[in-house]
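Here the structure is laid out as structure tokens; the discussion comes afterwards.
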């Protein structure tokens, strides 16, 4: 049966994959991409060809996100990538509801029971932003 391997691959991908979004120009693929952490470090003439954002959950390492961004840069034909920053934020959602139940008792009296429940879920998200460069 192939259900188990497909499910396992899906779970591993969700645990270790980042979402890579790119906007910009494309050129023929490159095999090597220089990596910088500031535009001031780039000593060659260049043009900014686009921007990329990698987003992942807590299971994705920043290193893995960087690798995936470098792969996207090679695919888009970049000569260099400038990592602009790394952010980690936690988003959450709380839901609260109250449940009231009425129970009949003798002599037309009713008894009320109230239960308040609060549920909170949080999710850690990581984001790495970069600019792709094409040397002139």
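Nothing in this text is a laboratory measurement; each read-out follows from the coordinates by a stated rule. Just so you know, these numbers come straight off a predicted model, no measurement behind them. Reconstructed Cβ throughout: ideal geometry from the backbone, glycine too, with neighbour counts over all protein chains shown.
When ranked by the protection proxy of mean other Cβ atoms within 10 Å per residue, highest first, what sequence do the peptides 115-123, 17-25 form?
17-25, 115-123
Mind sorting 59, 65 by how few other Cβ atoms lie within 10 Å of their own Cβ, fewest first?
Fewest-to-most Cβ neighbours within 10 Å comes out as 59, 65.
When 32, 51 are ordered from fewest to most other Cβ atoms inside 10 Å of their Cβ, what list results?
32, 51
What list do you get for 132, 84 if you sort them by fewest beta carbons within 10 Å?
Fewest-to-most ranking of 132, 84: 84, 132.
What's the extension gain from residue 41 to residue 21 if we count 0.36 nm per residue and subtract their Cα-Cα distance?
4.8 nm
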